[in-house]
1. Under 7 Å by Cβ, and 6 or more places apart or on different chains, what pairs join a residue from the stretch 34-62 that is touching a residue at least 40 places away in the same chain (Cβ under 8 Å) with one that is among the aliphatic types (A, V, I, L, M) and surrounded by 18 or more Cβ atoms within 10 Å (Cβ to Cβ)?
2. Among V106, V77, V82, which is over 11 Å from the mean Cα position of the chain (by Cα), of a type in the set (A, V, I, L, M), under 19 Å from V32 (Cβ atoms) and loosely packed, with under 12 Cβ neighbours inside 10 Å?
3. Quick check: is even one residue across the stretch 44-66 of a type in the set (F, W, Y), under 18 Å from S90 (Cα atoms) and at pLDDT below 90?
4. Using beta carbons and a limit of 8 Å, which pairs, at least six apart or on different chains, have the first residue in the stretch 85-99 and of a type in the set (K, R) and the second one exposed (fewer than 14 other Cβ atoms within 10 Å of the Cβ)?
5. Somewhere in the stretch 84-95, is a residue of a type in the set (D, E) and touching a strand residue (DSSP E or B) at 6+ places or on another chain (Cβ under 6 Å)?
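The values are calculated or read from the model by the stated rules, or taken from the named source; none is laboratory data. In this text, all values refer to a predicted model and were calculated from it rather than measured experimentally. As a convention, Cβ positions derive from the backbone with ideal geometry for all residues, glycine included, and neighbour counts pool all protein chains shown.
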Amino acid sequence: MMKSLLMSLLLVGLSCSGVWAQGRKISGTVTVEEGAGGFAGATVVIKGTTIGTVTDVKGEYSLNVPSSGTTLVFSAVGMQTVEESIGGRSQIDVQLKTDTKQLTEVIITALG
């Protein structure tokens with residue numbers, strides 16, 4: 001009887017540790033300095049991994065971050081890339097700035 005009780009407690013403990021090891025959920029909003037609303041289509045990735053998501057029409061995102069994840073990288077075409085440390089936060093809002101250096105030259109061709 002005692003042996004089966006100990007075995008049951010061990011199994012419950014192992015299953016709970018698997019749930020804790022899965023990480024946490026981080027959410028937030030991505031905006032731009034020129035606009036009042038959210039920025040749709042920005043990429044949010046956990047630094048050093050391929051785990052990521054894209055902001056919705058309102059600029060909102062939600063991402064399950066493993067316990068090894070420490071930094072989020074926010075990027076979008078024509079915007080400066082921003083890195084934010086996660087720490088103990090579950091809500092991370094970011095404001096992107098225009099990257100004028102990236103758009104240095106435009107070539108227009110016409111085929112007619």
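1. F39/V30; F39/V32; F39/A76; F39/L96; A42/V30; A42/A76; A42/L96
2. Values: V106 fails: under 19 Å from V32 (Cβ atoms); V82 fails: loosely packed, with under 12 Cβ neighbours inside 10 Å.
From the options V106, V77, V82, the qualifying one is V77.
3. Quick first cut of the stretch 44-66, residues of a type in the set (F, W, Y) only: 61.
Those left that are additionally under 18 Å from S90 (Cα atoms): 61.
Imposing the further condition that a residue be at pLDDT below 90 reduces the set to none.
Scanning the stretch 44-66 turns up no residue that is of a type in the set (F, W, Y), under 18 Å from S90 (Cα atoms) and at pLDDT below 90.
4. K97/E33
5. Taking the stretch 84-95 as the starting set, the residues that turn out to be of a type in the set (D, E) are 84, 93.
Subsequent filtering for residues that are touching a strand residue (DSSP E or B) at 6+ places or on another chain (Cβ under 6 Å) retains 84, 93.
Within the stretch 84-95 (the criterion being of a type in the set (D, E) and touching a strand residue (DSSP E or B) at 6+ places or on another chain (Cβ under 6 Å)), the answer is yes, since at least one residue qualifies.
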